[in-house]
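Comments concern the structure below.
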Amino acid sequence: MPYNQIDIGGKFGKLDDPQYLKLNPNKQIPCLQEGDFILWESNAIVRYLAAKFGENVLYPQNLQERANTEKWMDWVGSHLFPHIRQLMIGIIRTPEAERDQKQIEQTLIEIEKLMEIADNALTEQEYFSGDKFGMADIALGPMIYP
Ligand SMILES: N[C@@H](CCC(=O)N[C@@H](CS)C(=O)NCC(=O)O)C(=O)O
């Protein structure tokens, strides 16, 4: 589908712009704008796009298949991402001299524990979304290969 990507956040700034805050009051990316329709929260965006453009491919019609896929999306948001965020802030956003090495190591231990859960799941099924690539893989991919 054709789309127009506008880079903001990080080195691009502009998260505080009143114009952007009207779109996403959380001062965060991503944010999808489709005409008058505005949507934030990355996994909500993935669900919406998958349902709209990837029905039966990315967005399972079978409720149990969909729930199993969405389970991993929620797991990323509630378990994995908070630690990845902490690591990103601790390393990338903190100058080397000010880094809390102990906290970074503790965060890495937490991430390793979670990655073990993810790894184990992939011994039972080929993708996080089940037997084919889907929404859960889109949610986990950027966490594993940032
Ligand atoms: N739960 C939100 C988290 C969004 C989030 O943490 N976005 C980060 C980038 S991954 C952000 O906007 N950070 C501010 C910045 O980069 O300046 C989502 O999944 O959309």
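Once Lys and Arg get +1 and Asp and Glu get -1 on their Cβ, which of Pro25, Met143, Gly54 lies farthest toward the positive end of the dipole of the chain?
Pro25
Do you know the relative contact order of the chain, to the nearest whole percent, from alpha carbon pairs under 8 angstrom that are 6+ apart? Write down the numbers at each step before the final one.
Details: 110 pairs, mean separation 31.9, N = 146.
It comes to 22 percent, rounded to a whole number.
Would you list which aspartates and glutamates come within 14 Å of Lys52, measuring only between C-alpha atoms, while excluding same-chain residues fewer than 8 positions from it?
The qualifying aspartates and glutamates are Glu34.
Testing the spin-label approximation: label points 7 Å from Cα along Cα→Cβ at Glu112 and Asp7. State their distance in nm.
Between Glu112 and Asp7, the label points sit 3.5 nm apart.
Per residue of the chain, what 222 nm ellipticity follows from adding -39500 (n - 2.57) for every DSSP H run with n ≥ 4, rounded to the nearest 500?
On the way: 6 runs with 76 residues, N = 146.
Roughly -16500 deg cm²/dmol at 222 nm, from the helical runs in the chain.
Rounded, prolate or oblate for the chain? Axes are the square roots of the Cα gyration tensor eigenvalues, ordered a ≥ b ≥ c, and the cut-off for rounded is a/c under 1.5. Before the final figure, lay out the partial values.
On the way: a/c = 2.64, a/b = 1.08, b/c = 2.45.
In terms of gyration-tensor shape, oblate.
Put a dot 7 Å past each Cα toward the Cβ at Arg85 and Thr123; how far apart are the dots in nm?
So the two model labels end up 3.1 nm from each other.
GluC sites (Glu not before Pro), restricted to the range 80-146: which are DSSP loop and have at most 14 other Cβ atoms within 10 Å? Don't jump to the answer; show the numbers that get you there.
Values: sites: Glu96, Glu98, Glu105, Glu110, Glu112, Glu116, Glu124, Glu126; in loops: Glu126.
When the GluC sites (Glu not before Pro) of the range 80-146 are filtered for loop state and at most 14 Cβ neighbours within 10 Å, Glu126 remain.
Show me the trypsin sites (Lys or Arg not before Pro) within the range 75-146 that DSSP assigns to loop and that have at most 15 other Cβ atoms within 10 Å of their Cβ. Mind dumping the intermediate values first?
Details: sites: Arg85, Arg93, Arg99, Lys102, Lys113, Lys132; in loops: Arg93, Arg99, Lys132.
In loop regions of the range 75-146 (DSSP not H, G, I, E or B), the sparsely surrounded trypsin sites (Lys or Arg not before Pro) are Arg93, Arg99, Lys132.
Run the simple label-point estimate for Ile45 and Val57 please: 7 Å along Cα→C-beta, distance reported in nm.
2.0 nm
Could you list Tyr48, Tyr59 in order of exposure, starting from the residue whose Cβ has the fewest other Cβ atoms within 10 Å?
If I rank by nearby Cβ atoms, fewest first, I get Tyr48, Tyr59.
In percent, how large is the relative contact order of the range 41-119, given Cα pairs closer than 8 Å and 6 or more residues apart?
Values: 25 pairs, mean separation 17.3, N = 79.
Answer for the range 41-119 is 22 percent.
To the nearest 0.05, what FRET efficiency results for Asp131 and Ala97 with a Förster distance of 41 Å applied to their C-beta separation?
Numbers: r = 49 Å, r/R0 = 1.19.
Step by step, r from the Cβ atoms, then E = 0.25.
Taking only Cα atoms and a 10 Å spring cutoff, compute GNM fluctuations for the chain and point out the largest among Leu80, Leu15, Leu114.
Looking only at Leu80, Leu15, Leu114, the biggest GNM fluctuation is shown by Leu15.
A short reminder: the numbers here are calculations on the coordinates, not readings from a lab. All values derive from a computational prediction rather than experimental measurement. Positions of Cβ are generated from backbone atoms using ideal geometry, with glycine treated the same way; all protein chains shown enter the neighbour counts.
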